[in-house]
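Just below is one structure, and these are the notes that go with it.
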Amino acid sequence: MFVMFLDRKSRLFQQLHPDKADWTLTNRLLAMVVNCLRLLLWSKSKDGQKNRKRPSMIGPDMQDKSSERKGSNVKAAPLSRIKAALGRGDDLDDKSRKLRNVFGR
């Protein structure tokens, strides 16, 4: 048996999703407003401008999200490695050399 669109106050929904059972539409909307206000105040602070000490979000949809963005600790690859991956060497090929000569660069 497959059950969809259960009322949040039903016992079956509370058994299946105990972490989301108390979050009514009103509570979820209020949590979104609070999250927006917290982010707005944080962005105007010194910590927000330096992107540190980001506030934690509240609500049933925000519990699994961490405050650190994915890929924020990635170091840039050297330009030589990028050129090698794209198949471009340091010397220019004939087409680009001709175009540079045409436009005087």
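Quick look at the values:
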{"quantity": "Added length on full extension, which subtracts the Cα-Cα distance from 0.36 nm per residue, Lys46 to Gln14", "calculated": "7.3 nm"}
{"quantity": "Pairwise FRET efficiency - Cys36 versus Lys83, Cβ, R0 = 35 Å, nearest 0.05", "calculated": "0.25"}
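Just so you know, all these numbers are worked out from the coordinates, no wet-lab data involved. Model, not experiment: these values are computed from the prediction. Counting neighbours? That spans all protein chains shown, and the Cβs are built from the backbone with ideal geometry, glycine included.
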